[in-house]
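> Mind having a look at this structure? Questions to follow.
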Amino acid sequence: MARTSKREKKRQSAKSAIAVMEPVWKAGIYARLSVDNNDRKNESIDTQIEIAKEYIGRTGDTELIECYVDLGKTGTNFNREGFEHMMEDIRRRRINCVVVKDFSRFGRNYIETGNYIEKIFPYMKVRFIAVTDGYDSEHLTDDHLQLSMNLKNIVNELYAKDIAQKVGAAMKVRQEMGSYTGGVPPYGYCIKKIRDRNVLVPDMGTKEIVVGIFEMFAAGSTYKEIAEDLYKRKIQRPMAYYATGETYCLEDEKLQQWSYHTMKNILTNPVYIGTLFQARTCGKAYRDRKRHDVDEEKDISVVECTHEPLVSEELFYKVSERFERQSKYSNQKGFSKRVLQSEDIFKDMVSCGRCGGRMIRNPSIKTLVSGDRIRRYYYACPNKKKIDGSQCCGQGISFLTLESLIKAVLEKEFACSDMQLKDFCKENTQEAEKRKSAVHKKICKSVREQDELALMGSKLYLRYRDGELLREDFLEEKAKLSEMLAILRKQTEDLKRQEITIDRETGQTNQFIRGLLKWRTDYKFDRKLAECLIKKINVYPKHQVEIVLNYRRNELLYGRKAHE
């Protein structure tokens with residue numbers, strides 16, 4: 001009996017030792033809600049957290065570390081502050097378990113959601129739990145559960161897409177009713193809610209300023225004269241007005257002059273005669289939420305007489321006629337499209353050395369002895385004509401002078417520097433290979449995801465054949481899989497075209513470099529060559545130019561100053 005008792009004690013001690021060795025999961029609760037303008041909606045965040053906390057309390061092996069919340073964030077992408085904070089804690093090993101109420105709270109992008117749950121989290125040894133969906137990555141015992149998770153993610157994404165389409169349709173209806181659907185109202189107006197419409201009503205503090213701009217321009221005043229008048233009267237720019245709510249600049253504030261671009265936008269906006277021109281879409285793609293162009297014929301809503309006008313149609317069209325006359329006058333003076341424009345090879349590279357402003361390329365027309373007309377260009381500081389405190393006394397420089405100085409600097413640089421251009425060519429090729437490698441990884445990932453979808457389709461068919469799914473359900477889920485598969489195939493084709501583009505651009509750049517190896521004084525400079533060699537150009541008075549070259553040697557950037 002004594003031996004038996006000792007064995008039993010050993011078994012109990014072993015069991016207790018195993019219990020002590022069981023890992024305690026450090027959990028982070030993630031909650032997300034797309035809308036944040038309703039207090040009742042905020043209660044849903046609390047509900048999600050309570051459901052997750054209750055589940056954690058039942059497990060016994062999980063410890064709650066922190067709750068991560070994203071309020072008013074879409075689930076179609078993962079650029080969210082709370083989510084990024086959670087991922088940072090995962091990298092620091094502060095948490096190793098993520099608990100959400102359901103898959104849709106984690107994300108509505110099928111591909112990215114599956115990538116996190118099936119690849120990233122397993123690689124980082126992170127446990128993932130979706131409480132109401134019954135999913136726990138530590139207790140996956142059935143392939144059907146994995147398939148169910150994938151199908152739910154697809155449904156979540158299609159739901160988000162459907163919501164986006166419904167929001168766009170509702171916005172179109174509101175616009176056709178004459179409701180203003182923009183954010184900040186046009187200068188001179190404020191927004192007032194009338195029944196179920198947002199209506200523009202005149203802003204008593206700024207409407208007379210708008211009328212004055214129209215009247216001055218119609219009477220023949222230039223942008224500069226209008227800007228000087230507004231500056232003397234200490235009238236705030238629209239952006240400053242929206243930020244402070246003050247029409248006039250206070251004594252202790254810095255007054256900035258109105259930009260010509262702002263005045264032109266006001267003078268050409270038909271909103272001031274009571275007509276609304278509005279985009280019917282938000283201008284963002286559904287999946288990545290990036291801005292895209294809208295079709296003027298399909299995506300622009302035009303509704304007349306929606307609100308009280310600030311100026312008469314007669315005054316508005318008088319201003320329009322002046323714009324038309326200026327266009328005709330400019331064409332007579334030689335600024336027509338018949339005189340070909342050349343590419344701005346130093347675009348976004350030339351800055352004023354005094355104030356740091358990006359210099360603007362301006363054209364002029366020169367008539368040759370033969371009678372032909374050609375364009376000449378010069379770069380000027382945009383702050384030179386300003387009348388406020390940001391006025392700059394920097395001087396401009398002609399394109400031909402700038403080009404000759406840059407050529408002289410490059411000839412001297414490559415003659416004196418111990419760096420060989422062939423090394424630069426090699427470095428350019430290596431950088432291109434890195435870019436191609438990154439694109440190739442994305443292609444491989446897309447192909448794997450296509451294979452996974454194909455496998456899901458096969459399993460779906462087997463379930464239908466075995467009688468687990470009705471025909472209608474099978475066809476519906478098959479259509480969803482086919483849609484996702486088409487998206488992935490398109491992505492793969494786009495990525496393959498990127499690879500081809502990288503090869504082509506690398507070949508062109510290397511060809512330029514080889515041309516530099518055989519440098520000639522009459523070598524033609526172009527945009528590709530400028531992007532390849534030059535990082536920045538600073539222009540100072542008396543044609544003094546500082547050129548920062550774009551290639552590296554021992555992690556040092558080269559800079560040279562040139563004089564005419």
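> Compute the distance from the alpha-carbon center of segment 350-415 to that of segment 68-100, in whole Å.
49
> Okay, moving on. For the residue pair VAL24 and LEU485, what label-to-label distance in nm results when each label sits 7 Å from Cα along the Cα-to-beta-carbon direction?
4.9
> Give me the extension gain from CYS392 to GLU343: residue separation times 0.36 nm, minus the current Cα-Cα distance, reported in nm with one decimal.
14.9 nm
> Let me ask another. Can you give me the distance in nm between label points at VAL447 and ASN198, each placed 7 Å from the Cα along the Cα-to-Cβ direction?
That separation, rounded to one decimal, is 4.8 nm.
> Which value, in debye to the nearest 20, describes the size of the charge dipole of segment 420-497 about its Cα centre when Lys and Arg Cβ atoms bear +1, Asp and Glu Cβ atoms bear -1, and nothing else is charged?
Taking the Cα centre of segment 420-497 as origin, the dipole is about 440 debye.
> Sort segment 184-268 into rounded, prolate or oblate with this rule: let a ≥ b ≥ c be the square roots of the eigenvalues of the Cα gyration tensor; rounded if a/c is under 1.5, and if a/c is not under 1.5, prolate when a/b is larger than b/c, oblate otherwise.
oblate
> Related question: Semi-axes of the equivalent ellipsoid for segment 435-477, please: Cα gyration tensor eigenvalues, times 5, square-rooted, ordered largest first, whole Å.
After diagonalising the Cα gyration tensor, the semi-axes are 33, 9, 4 Å.
> Using a 1.4 Å probe and ignoring any ligands, DNA or RNA, find the accessible area of GLU84 and quote it in Å² to the nearest 10.
Rounded to the nearest 10, that gives 100 Å².
> Also, I was wondering about something else. Once label points are set 7 Å from the Cα along Cα→Cβ at both HIS543 and ARG361, what is their separation, rounded to one decimal in nm?
2.0
> Also, I was wondering about something else. Tabulate in residue order the Karplus-calculated ³J(HN,Hα) for segment 469-484, using 6.51 cos²θ - 1.76 cosθ + 1.60 with θ = phi - 60°, rounded to whole Hz; enter x for Gly and Pro.
Values, residue by residue: 10, 6, 4, 4, 5, 4, 5, 5, 5, 5, 5, 5, 4, 5, 5, 5 Hz.
> With every protein chain left in place and a probe of 1.4 Å, what is the accessible surface of GLU477, to the nearest 10 Å²?
About 40 Å², rounded to the nearest 10.
> Now for a separate question. Once you have the Cα-Cα distance between GLU208 and THR268, take 0.36 nm times their residue separation minus that, and quote the gain in nm to one decimal.
In short, 19.9 nm is gained.
> Please work out the FRET efficiency for the pair CYS305 and ASN77, using the Cβ-Cβ distance as r and a Förster radius of 56 Å; give the result to the nearest 0.05.
Once rounded, the FRET efficiency stands at 0.90.
> Order the following by accessible area, largest value first: LEU529, LEU140. Probe radius 1.4 Å; ligands, DNA and RNA are ignored.
In descending accessible area the options line up as LEU140, LEU529.
> Here is a further query. For an R0 of 41 angstrom, estimate the FRET efficiency from the Cβ-Cβ distance between SER404 and GLU433 and round to the nearest 0.05.
Result of the calculation: an efficiency of 0.70.
> Please give the FRET efficiency for GLU50 paired with SER259, using the beta carbon to beta carbon distance and R0 = 45 Å, rounded to the nearest 0.05.
Once rounded, the FRET efficiency stands at 0.30.
> Determine the alpha carbon to alpha carbon distance for each of LYS232/LYS536; LYS207/LYS385; LYS254/LYS386 and list only those over 25 Å.
Beyond 25 Å between Cα atoms: LYS232/LYS536; LYS207/LYS385.
> I've got another one for you. Taking the Cα of ARG58, stepping 7 Å toward and past its beta carbon, and measuring to each backbone N in segment 108-132: which are under 11 Å?
Counting backbone N atoms under 11 Å from the label point, the list is 131-132.
The values are calculated or read from the model by the stated rules, or taken from the named source; none is laboratory data. Since the structure is predicted, the reported quantities are computational estimates derived from the model, not experimental observations. Glycine gets a Cβ as well: all are built from the backbone with ideal geometry, and neighbour counts include every protein chain shown. Just the protein is used for accessible areas: all its heavy atoms, side chains included, with ligands, DNA and RNA removed. Shrake-Rupley method; radii C 1.70, N 1.55, O 1.52, S 1.80 Å.
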